[in-house]
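So the structure is just underneath, and the comments pick up after that.
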Amino acid sequence: MTDKTVVQPSVAHPMFKFQRQVQKLVDSRVVKPEEPLWKIALLFGDDWVYWKGELQDFDFSMQDPISALLAVESWEED
């Protein structure tokens, strides 16, 4: 008998993808890490309502610095 183990590919949490996009904005100097999160609202256009809700679900406020978002190492939900 052959034991076949199926390995599910890991899927990145949407916040990880958002975090990478924000990091690119910082790297390209569009925004600074010390600026508040609300500064990126216009850059995300219609998607901002969704991302703002996600940030608030993780207890971020729009006054938190962008660096706080970039410092998160794991987006595991409780």
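The values are calculated or read from the model by the stated rules, or taken from the named source; none is laboratory data. Bear in mind the structure is a predicted one, so any value in this text is a computation, not a measurement. For neighbour counting, all protein chains shown are included, and Cβ atoms are generated from backbone atoms with ideal geometry for every residue, glycine included.
Considering the stretch 55-66, the residues that are in contact (Cβ under 8 Å) with a residue 12 or more places away in the chain and over 15 Å from Phe18 (Cβ atoms) include one that is surrounded by the fewest Cβ atoms within 10 Å (Cβ to Cβ), namely Gln63. Identify the residue in the stretch 39-54 that is closer than 20 Å to Ala12 by Cα, free of Cβ contacts under 8 Å to residues at least 24 places away in the same chain and of a type outside the set (D, E, K, R) and, among all such residues, is surrounded by the fewest Cβ atoms within 10 Å (Cβ to Cβ). Restricting to residues being closer than 20 Å to Ala12 by Cα, free of Cβ contacts under 8 Å to residues at least 24 places away in the same chain and of a type outside the set (D, E, K, R), the top hit is Gly53. Whether any residue in the stretch 18-30 is loosely packed, with under 14 Cβ neighbours inside 10 Å and at pLDDT below 95 is what I want to check. Looking for residues that are loosely packed, with under 14 Cβ neighbours inside 10 Å and at pLDDT below 95, one finds none in the stretch 18-30, hence no.
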